[in-house]
1. How far apart, in nm, are two points set 7 Å out from the Cα along the Cα-to-Cβ line at Asp342 and at His175?
2. Out of Ala149, Asn207, Gln54, whose Cα points farthest toward the positive end of the dipole of the chain (charges: +1 Lys, Arg; -1 Asp, Glu; placed on Cβ)?
3. Please arrange His334, His317 by counting, for each residue, the other beta carbons lying within 10 Å of its beta carbon, fewest first.
4. To the nearest 20 Debye, how big is the dipole of segment 344-456 about its Cα centre, given +1 on the beta carbon of each Lys and Arg and -1 on that of each Asp and Glu?
5. Shape of segment 352-442 from its Cα gyration tensor (a ≥ b ≥ c, root eigenvalues): rounded if a/c is under 1.5, otherwise prolate when a/b > b/c, or oblate?
6. Quick one: of the DSSP bridges fully inside the chain, what percent are antiparallel, nearest 5?
7. Using 0.36 nm per residue of separation minus the Cα-Cα distance, give me the extension gain between Glu354 and Ile637 in nm, one decimal.
8. Report, in debye and to the nearest 20, how large the dipole of segment 3-642 comes out about its Cα centre when Lys and Arg carry +1 and Asp and Glu carry -1 on their Cβ.
Amino acid sequence: MLIALLGLTFYGYKTSVFAQESDTTITMQVDLSSVVVSAQRTPVMRGELMRSVQVITAAEIRQSGANDLAGVLEHVRGVDIRKRGTFGMQADVSIRGGTFDQTLILLNGVNITDPQTGHHNLNVPVDLETIERIEVLHGPGARVFGPNAFNGAINIITKQPGKQNATLRLTGGEHMFGAISATAGLTTGPVSHFLSVSGLTSDGFTNNTDFKSENIFYRSNLQTDAGRLDLQAGYNQKAFGANSFYTPRFPDQYEQTRAGFLSLRWLPDGGINLSPTVYWRRHHDRFELFRDEAPVWYTTHNYHRTDILGASVNWVHVSQFGTTALGLDYRYEHIFSNVLGDEMSSPLPVPGYEDAFFTNSYDRNTYSLMAEQTVQYGDVTVSGGTLVFVNTELDNNVSFFPGLDIGWQVNPNWRMYTTANRTLRLPTFTDLFYEGPDNLGNPDLKPEEAISVEAGVKLNYGRFSADAALFRRWGTNMIDWVRAPGDPVWRSENLTDVVITGVETGVTFLLPYDDRARLSVQYGYNHADRSSGDLVSNYALDFLRNKVDVVYSTPVLRDGGINLSASWLDRNGSYLVFDGIDFTGESDFEAQWVVNAKAHWNVQSVQLFGEVSNLFATQYAPIANVPQPGRWVRFGIATQFSY
């Protein structure tokens, strides 16, 4: 049956992008087919992949003019970024018409997805200067990464420790915007180090939209004769005015989050390729419905603390029968809260806050066994595997989620693949338990499940490359927050079935007048064949129906350059319009063009730059009743030096 679901797919992986030797000098194009990515259980060269994976390089990140992770991802094909706050204070990321809870986030291959809510998934303790590349896996990845890689996964790869250099970047702009970022690398004997610190702050573009954010990230490698020990640790803190973030009835909302992360991984050298990893993540969330003056009935803020403990081991063996990969993963998720979870017999004080107590808690254990076999017959490669998922709290304690990929290298310029996968997503703690003035969770929710197939083609001929893909997802028990006409409460429910059909295509030109000049045009289309009937959908049916991404980079004389990025966003669905007093009626989302620009000039080891977000001051609101700022101008200076 699985094979019958396969669609014919064409895909090529050899592509060219711009590389930089430093922050200030754009040099030649490089071949991304030599980049190792993690779209399978066994990391492979990108040119050998049989999945749709996009790689955003450090050079492309620097050229983009973005100041945060969400700003980079919003111009990636098939990726939907729905912002509430500016500059990454809160942004939801989804892939291929999915919801923000259906995308898995990894940091150097370690799962840091937040179980409380996908709103916190991008609370990642790294800034853009820390990132070496970003891998975006389109389509389900359950058999590779486990549950919750429902529509895709985003793997953030940081710079390798040990390079003897340092960077410094300063930015300032309108609305008292300020940003600082510094990184440093060092090698001391067998141990190599990398450290980055950064911060953002602004008074905000309108009332109660001020913010501040800090990151610190450290990564080190200990090299031995037997292998390498990889340690990473990070801390992220955000505090922001949350004007109308969760309901426009109360515009004086405020939120503060803190996230700490630690992982240790062993990467062996030699015949026994057995790689264990242990990790821990803690996330604090304090939400205030009223930042300043609160009514009498409002007695306390919302306090949440989630902890994740995980351990995994991965084994890879290469033989005459191909490459065999096995993975075993254990993940423990726990929350203390005064809103989410089951009521505790004895409240616990919230650390750092007087007269605040955790009254509820909840935990769950999940076990995943992943197996994958890859074989090659001439120019044809076949990779099949399955996820065996165990959760004792589900009706079906043991579930199987298989997948199959087939690739054919037709010639050096054209590669074909076909893929089909079954996947799942567990409800978040918010889906299960949240209760508020306008929201009601559902502890009886079932996990989401889906079967996905894909087809596509990609060509590469010299300075021109093009690709296209067709995919279809049959989803069951889809989770969404919905409300009936006249009902003021959003309720978390399992929708019966949602089928998403989509097309992705794009072309890239390396322009003939200069190897540093590039024009890229990407397009994505999604269609759902099930409507919400009389129900108003808050997430699942409010996907991007049409998205066009255009990126144009060109040098200016010898030492300068300009980058323009534009996105046309046509969102499916509708929302209830709030007039400042009450909800007055239903309105469709309006399609909008949003354009960003960056110009830079290099003076020896120093780069001067200017950035403009929303160049034409487009009025748009990707989240209902939460408008985004107009034009925002910034200037800065960056430098890099070796020692």
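Quick note: the coordinates plus some simple rules give every number you see, no bench work behind them. Only a predicted model underlies this, so the values are computations on that prediction, with no experimental measurement involved. Note: ideal-geometry Cβ built from the backbone for every residue, glycine included; neighbour counts use all protein chains shown.
1. It is 4.4 nm.
2. The listed residue farthest towards the positive side: Gln54.
3. Details: His334 18, His317 15.
By the 10 Å Cβ count, ascending: His317, His334.
4. On the way: 5 positive and 15 negative charges, 111 e Å.
For this selection, approximately 540 debye.
5. Note, shape of segment 352-442 comes out prolate.
6. Here the share of antiparallel DSSP bridges comes out near 100 percent.
7. Working: separation 283, 0.36 × 283 = 101.88 nm, distance 4.27 nm.
The Glu354-Ile637 span can extend by a further 97.6 nm.
8. Details: 49 positive and 68 negative charges, 406 e Å.
My answer is approximately 1940 debye.
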